[in-house]
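Worksheet: the structure to be examined is printed underneath.
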Amino acid sequence: MFMFNNHSIVARDRVEAARLLLNPASIAIAGATEDRGKFGGRLCGALVDHGYPGRLYPINLRRKELLGRPAYPDITSLPETPDVVVIVLPPAQAQAALEASAARGVPAAIVVASGFAEAGGEGEAYQETFARIARTTGPRLVGPNCLGIVNTIDRVAACATVVLDRGPMLQGGISMVSHSGALLMTVMNRAQDQEIGFRYLVSGGNEVDLDVCDFLEVFLEDAETRAIALFLEHIRRPARFRELALQAREIGKPIVALKVGRSEAGVRAARSHTAAIAGDDAVVDAVLRADGIIRVGSLESLVAVAHALVLAPRPWGQKIFIISGSGGACGLLADLASEAGVQLSQVGAEGRAALGKLYAPDAIQNPLDLGGMRAGIPLFHPDSVDACVKAVACDPSVDAMLIGLMTQPDSAESMRQVVAFAKEWQKPVIVYGGVGSVGLEALDIVREAGLPLVPDAEQCIKVAGALMHQAAPFPKQGLARLLGATPPLPMGEGALAEFESKRFLAECGLPVPEEMLVRSAEEVEAASNRFAGPVAMKIASRDIPHKTEVRGVELGVAGRNQMLAAYERILRNARAARPQALIEGVLIQEMLRGVEVIVGSKRDPQFGPVVLVGLGGVFVELLRDVAMRPAPLSVEEAHDMLVRLKGYPLLDGFRGAEPADVPALAEMMASFSCLVYDLADQVDEIDLNPVVVLPKGQGVRVVDALIIRGSSS
C-alpha cells in the first residue's frame, strides 16, 4: 500500500520500507558534520568514503557545504524528498526532524540517537511519540538507539561506526540483523579480519517500528543472501517470526541466531538495553529448534557457522568422517563431537576395502589418523593424504568430511589435492586449521578455494554440527485431531482438583485410569468391593497440588481394612499440614505398572502454549531431562521429542525390559497439544505427572493431573 505526497512514494508497507532502507536512491542526514568524532561525521564520512552512488543531502544549520556537497539548513529546504532521512540528533531535536520528515512525505528514516525507552523517563515518552508518527503519517523507522544500515554490494554505508573507516567493505553471502549496533560492528570487524564479507547489515536498536521480521522477509527474497545471522535480545512479533523461519527452511536458506537471555543477568541486560521482554529461554530454545533455526552461543560461532553455511554445499545426511594428521587431534575432535551430538560415520564394506590398501584393519576407525598407515607407505605425503581422502569419500555412508590440518611436511601440497577433490565431491569438506605460521601457505590455499576453514577445534565441531543440522529430517506438520474440538473448561480461576482435571481430560479423549472419589468410610468399603487388586489412594483437594509433600499419597493398598486405615491417615495428614485447605475427599485409583513420564504445558507470553515431556514422577525437577516444543504437535513431532530424551532407552526396552507403548504416548501427546492450543486463552499450566506408559500395545494412562486456569477463564 502506498500514499502519494509531494511526488514521492511514502511506503506504508513495512517490508517495502525495509527494501527502500536497504537500497535508497537518495539519503538526507539530519545532524551531518565533518567531525569524525561524532556519529553524524562518521556516518557522512562512511557514505562518501565507500562511494555511495545515490544523491546525498547533508543537513546542517550552520554550514553551506559539507564534504564537497551543498548543505541544507533543514529537511524542508531539500531540493527533493529523499528516500531515507538518517537522524543523528538528541531526542528532542530528533523528534522535530522526524516531524519535518513526515510533513515532507519522507518514506523511511533511521534514528541513530539514543536516550529513548532504554534510558527510561522522558526517553520513553519520546519513543512513544516516534512510534505514533511511524504508525500514522510515516516515515517508517529503524531504531532509535541503533547505528544504521550497510549494503555492501550497492555501497550503502549508512552506519555511524569506525569499522567502516578500515578499508573497503567486503562482500559476501551473509545478511545480518542485530539489536545491538556495537556488537553488529564488532562482528563485521572480526569477520573482515578473517576475509569474511556480508551482503546486508542492519542495526535494529529499539525497534519502535520496523523489526527483525521486516528485514528477514527481504533477506529471504534476496538472491545474494545465502545465510542469515541474527543477534536477538527479544522477538517482538513471535508468530510472524516463526512463519518466516519456516519459509527459510522450505527454501533452504539457513538462519543462525545468537539469542541472549539464558541467565537472569542476561535477561536484565537485554531488557535494560532495548526495554523489551527477552522471554523464557527454554521456550525460545524449543521454538528455534522446532523451526529449524541454528542457535549458537557466541559471536565467534555466529560468524563461523553462517560463513560455513554460505560456502559448503548442503549435506545429504547427518554423518561426518574426521581425518587428521595427529592422533591427539583425532581424540580431541572425537570427544568434542560426542559432547556436541555430532554423528560420526562408520565406513562400510566399500570404504573399508579402499582404506585397507593404506591401513591395517584394526587401524580403520573414525577419526582416522594419517600417521597410522601401513609400513612402507610414505606418511603425510600428499599422494598418501589424497588416497586416504578419496578412499573415505567412496563410502556412501559418509555425508561430510572434516580434515585436520597439522604442521606436517608438504601440508600446502596436500591441501591443494584436498581442495581439488572437494570441488568434485559435492559434499561438505570442513578444514580444521589448527596450525601457526608454519601452515600459512596451506591455510591460504584452503581459504582461496572457498572451503570452510575454522582455526579452533571446538568451533570447528560446532560448524560441523550446524552443517549436519541442515540434513536433519523435520517431523511432518500434521495434527492428531481437529483444532477447536475441545469441550469448554469448567468456569473459574486457579487450579482444578485432580479428579476434576482428569474428568475434563477424559471428556477430551485422553486415557485415565479407573478411579473413585470417596468421602466416607462407607464409600471406602464400597470401593474395596469394586477394585480387585492393590490401589493408590490420594488426597483430593485443589488447594494441595503436591500431595506427597503433605503425606497425602499411599500406594499398594489392598483390601478393606488397609483401605479404611489409609483413608483416615491421608485425611489426618492433609488436615494437619494444610488446615485451611478445602478437602474434597480421597481418590482411590487402580495401580498401574509401566514407565512414568511427565507431559505438561505452559502458556508463554510470547509464543503461546508449549508442550514438554520428560522422565516422570518426582524426578523431573531433579534430572531436568525434558524436551519442549510449541503446540500444536503432530504425532511425528511428539515422537521426535521422546527420542531426544536421555532417558528414552527406558521407554525402548532398556537392558531387556519390555518396550513401552511409545506410539500410544506420542499419540496422546499430540492430542494433548491440540487441547492446550485450544485452551491457550484459558489455561496457564497443565501437568500430567505421572503418565504411566504401559507395555507395548497396552496404551498409556494419565495417573495424576493438575490444570491451572488463567484469570481470563
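At a glance:
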quantity	calculated
Bridge type composition, the chain - antiparallel percent by DSSP, nearest 5	55
Apportionment of accessible area to carbon and sulfur, segment 20-68, percent (1.4 Å)	48
Simple Cβ-charge dipole of the chain, Lys/Arg +1 and Asp/Glu -1, about Cα centre, in debye nearest 20	480
Reduced Cα scattering model of segment 291-350, Debye log10 I(q)/I(0), q = 0.15 Å⁻¹	-0.63
Cleavage-rule hits, GluC sites (Glu not before Pro), segment 499-584, DSSP coil, Cβ neighbours within 10 Å at most 13	GLU514
Tensor-based shape of segment 318-473 (alpha-carbon gyration tensor, a/c under 1.5 rounded, otherwise prolate or oblate)	rounded
Area projected by the alpha carbon convex hull of the chain, averaged over all directions, nm²	37.4
Cα lying deepest toward the dipole's positive end in the chain, options VAL557, ALA670, ALA96, charges on Cβ	ALA96
Farthest positive-ward along the chain dipole, Cα basis, beta-carbon charges - from PHE116, ALA471, LEU489	PHE116
Average accessible area per residue (Å²) across segment 383-428 - probe 1.4 Å, nucleic acids and ligands excluded	37
Compactness index (Cα Rg / 2.2 N^0.38 Å), segment 358-399	1.12
Share of pairwise Cα separations in segment 440-578, more than 24 Å, in percent	59
Solvent-accessible heavy-atom area per residue, rounded to whole Å², over segment 615-713 at 1.4 Å	43
Per residue accessible area of segment 24-84, 1.4 Å probe, in Å²	45
Shape parameters for segment 520-668, alpha-carbon atoms, Rg then Dmax in Å	18.5, 52
Stokes-Einstein D in µm²/s, Kirkwood radius over Cα pairs - segment 386-498 at 10 °C with 1.306 mPa s viscosity	90
Which of ALA32, LEU244, VAL202, positive extreme of dipole for the chain (C-beta unit charges)	ALA32
Of all accessible heavy-atom area on segment 418-577, the percent that carbon and sulfur account for (1.4 Å)	50
Largest-first ordering by accessible area, 1.4 Å probe, given options ASP383, ASP291, ASP681	ASP681, ASP383, ASP291
Over segment 171-254: Rg over Rh, Cα atoms, Kirkwood Rh	0.96
Among the listed pairs LYS357/LYS390; LYS547/LYS696; LYS253/LYS423; LYS502/LYS646; LYS253/LYS427, those beyond 24 Å (Cα-Cα)	LYS547/LYS696; LYS502/LYS646
Helix-only CD estimate at 222 nm, as mean residue ellipticity for the chain, using -39500 (n - 2.57) per DSSP H run (n ≥ 4)	-11500 deg cm²/dmol
P(r) tail fraction, segment 612-713 - alpha-carbon pairs more than 17 Å apart, %	54
Sulfur and carbon atoms: percent of accessible area, segment 319-378 [1.4 Å]	52
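The values are calculated or read from the model by the stated rules, or taken from the named source; none is laboratory data. Please read these numbers as outputs of a predicted model, since none were measured by experiment. Every residue, glycine among them, receives a Cβ derived from its backbone with ideal geometry; neighbour counts consider all protein chains shown. Quick note on the areas: whole protein, heavy atoms, side chains included, nothing else; ligands and nucleic acids left out. Shrake-Rupley method; radii C 1.70, N 1.55, O 1.52, S 1.80 Å.
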